[in-house]
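Note sheet for the following structure.
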Amino acid sequence: MTKIIPVLRAFDRKKLTEFYVDWLGFNIEFEHAPPGAPFYVRVSLRGVVIDLSEHHGDSAPGAKILMADFEGLAIYHKTLLEKNYTYMRPGLELLDWDKDTISVTVIDPFFNRIEFMERVA
């Protein structure tokens with residue numbers, strides 16, 4: 001099966017690492033950052049891959065992606081809060097439209113949103 005990899009726009013390599021690696025726990029799979037040129041970074045978490053690009057035209061800030069069937073979301077949420085990330089303290093919500101699903105939404109420094117979701121019933 002073909003794999004779909006979302007590409008999100010990013011502008012600051014240091015903030016990318018602080019948010020995706022240090023706080024959310026993603027791993028860097030590869031990075032292409034020639035001197036004087038925009039960077040391109042691939043990160044992964046639990047088999048989900050996201051590309052982050054500084055290249056104009058690869059994407060626009062403000063995208064949203066869903067990470068459905070995220071097992072152990074309440075524990076992951078607690079871990080995020082314990083890290084005391086300065087810029088975000090997301091809530092754990094029961095979805096209005098699906099009372100069997102919990103959700104945590106984070107917004108990266110480039111205004112992209114990631115919604116983690118888990119069915120709990």
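Of the residues making up the range 2-33, those that are touching a residue at least 60 places away in the same chain (Cβ under 8 Å), surrounded by fewer than 19 Cβ atoms within 10 Å (Cβ to Cβ) and among the aromatic types (Phe, Trp, Tyr) number 1.
Could you list, in sequence order, all residues of the range 99-110 that are surrounded by 13 or more Cβ atoms within 10 Å (Cβ to Cβ) and more than 14 Å from Ala74 (Cβ to Cβ)? Within the range 99-110, Thr105, Val106, Ile107, Asp108, Pro109, Phe110 meet the criteria.
For the range 72-121, a residue qualifies if it is in contact with a His (Cβ under 8 Å, 6 or more places away or on another chain) and either in contact (Cβ under 8 Å) with a residue 60 or more places away in the chain or not in a strand (DSSP E or B) (or both), and the qualifying residues are Pro90, Leu92. Note on the range 46-98: residues that are surrounded by 12 or more Cβ atoms within 10 Å (Cβ to Cβ), of a type in the set (S, T, N, Q) and more than 21 Å from Glu29 (Cβ to Cβ) total 1.
Do the conditions hold for Asp69, that is, is it on the phi > 0 side of the Ramachandran plot and not basic (Lys, Arg)? Spelling it out, Asp69 is indeed on the phi > 0 side of the Ramachandran plot and not basic (Lys, Arg).
Among Asp58, Asp51, Asp69, which is the only one that is touching a residue at least 40 places away in the same chain (Cβ under 8 Å), part of a strand (DSSP E or B), within 30 Å of Thr2 (Cα to Cα) and not aromatic (Phe, Trp, Tyr)? Explain how you work it out, then say what you get.
Numbers: Asp58 fails: part of a strand (DSSP E or B); Asp69 fails: part of a strand (DSSP E or B).
Just one listed residue meets the conditions, Asp51.
Is it true that Phe11 is under 13 Å from Asp108 (Cβ atoms) and part of a loop (DSSP other than H, G, I, E, B)?
Values: under 13 Å from Asp108 (Cβ atoms): yes; part of a loop (DSSP other than H, G, I, E, B): yes.
So Phe11 passes the test.
For the structure I just gave you, tell me whether Arg42 is touching a Leu at 6+ places or on another chain (Cβ under 9 Å), loosely packed, with under 12 Cβ neighbours inside 10 Å, at pLDDT 95 or above and of a type outside the set (Gly, Ala, Ser).
Numbers: touching a Leu at 6+ places or on another chain (Cβ under 9 Å): yes; loosely packed, with under 12 Cβ neighbours inside 10 Å: no; at pLDDT 95 or above: yes; of a type outside the set (Gly, Ala, Ser): yes.
Criteria not met by Arg42.
The values are calculated or read from the model by the stated rules, or taken from the named source; none is laboratory data. Bear in mind that the values here come from a model prediction, so they are computed numbers and not experimental data. All Cβ positions, even for glycine, are placed from backbone atoms using ideal geometry, and neighbour counts span all protein chains on display.
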